[in-house]
Amino acid sequence: YFRPLTHHRVKVRMDKDGFPAAWTHRVVTQSLMKGSPMAPKGIDTSTVEGAMGSPYLKATPAVDGQVLMPELGVPVLWWRSVGATHTAFVMEHTIDQLARKAGKDPVAYRLALFEKAGANRHIAVLKLAAEKAGWDTPAPAGVTRGVAVHESFGSVVAQIAEVRIVDGVPKVGRVVSAIDCGTAISPDQIAAQVEGGTCYGLSATLHDEMILKAGAVERRNFDTYPVLRNSEAPTVETHILPSTNAPSGVGEPGTPVIGPAVANAVLAATGKATLRLPMIRA
């Protein structure tokens, strides 16, 4: 089974202070749940999870969202972090572009929106990640930083990626993660899951392109289907926010955040948005 091919179109009108005043969002993607024991009666919420209920939309006075779920001949099913695989990227990369247009720091811009939405957990993990990454200090020469924050499976993750552009390709050296997953039962296991999820998501961001031609898969083994190599894996630091809340997910929330964090670092370096994934194409 494959991840669904997904297209987002987002249009945002900004207010006089540079914050979203109206947000129009269209999503076209196959349903993951159709034909499964969890088939929906109406909209398949997995197509919009991570966008629906986002603090950014809560902080926006007018929101218009619609979903089209076409039926195609390619069988699709879940992938690590499910709907957040694409919604996190779109929401977080859009926010960075809005921050640039408003002339505001991406971390400060997010914090202001989280304040409007009352998203205290998002505020806490973002402040923790920014502190540990040294966001307010100069990055090493030739390095830019990108930030992303996303909630999935009951946990909130903030990541800051340090990226260097080498021959037009992003090289990720360091990723600082902060996670609020409620009471931390096994901190080492949480760190391992965030590290693995980060590398898994980075592989999809950079490489994992599946090409179908005349109804057949062209890339049939790892000699033609590249995945993230050890030499490309970043150093991942994981910081756990202290909490007395019930434990929440750690297996999947680290995966969707790295893609937009890297894209936002590339945006900071080049001024160009990433409008299609993966970044390195065949």
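The values are calculated or read from the model by the stated rules, or taken from the named source; none is laboratory data. Remember, predicted model here, so these are calculated numbers, not experimental data. Cβ: placed from backbone, ideal geometry, glycine included. Neighbour counts: every protein chain shown.
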What residue, among those in segment 241-282 that are among the β-branched types (Val, Ile, Thr) and surrounded by 19 or more Cβ atoms within 10 Å (Cβ to Cβ), is nearest to SER81 (Cα to Cα)?
-> THR255
Restrict the check to segment 67-77 and report whether at least one residue is under 22 Å from GLY249 (Cα atoms) and in a helix (DSSP H, G or I).
-> no
Which condition number in (1) surrounded by 14 or more Cβ atoms within 10 Å (Cβ to Cβ); (2) in contact with a Gly (Cβ under 9 Å, 6 or more places away or on another chain) is the one that GLY215 fails?
-> (1)
Is one or more of the residues making up segment 92-104 touching a His at 6+ places or on another chain (Cβ under 9 Å) and crowded, with 17+ Cβ neighbours inside 10 Å?
-> yes
ASP223 passes all but one of (1) under 19 Å from the mean Cα position of the chain (by Cα); (2) at pLDDT below 95; which number fails?
-> (1)
Pick from segment 4-24 the residues that are in contact (Cβ under 8 Å) with a residue 60 or more places away in the chain and part of a strand (DSSP E or B): which of them is surrounded by the fewest Cβ atoms within 10 Å (Cβ to Cβ)?
-> MET14
Go through the residues of segment 42-52 one by one and say whether even a single one is in contact (Cβ under 8 Å) with a residue 12 or more places away in the chain, over 20 Å from ALA273 (Cβ atoms) and in a strand (DSSP E or B).
-> yes
Count, please, the residues in segment 191-218 that happen to be assigned to a loop (DSSP other than H, G, I, E, B) and within 15 Å of PRO278 (Cα to Cα).
-> 5
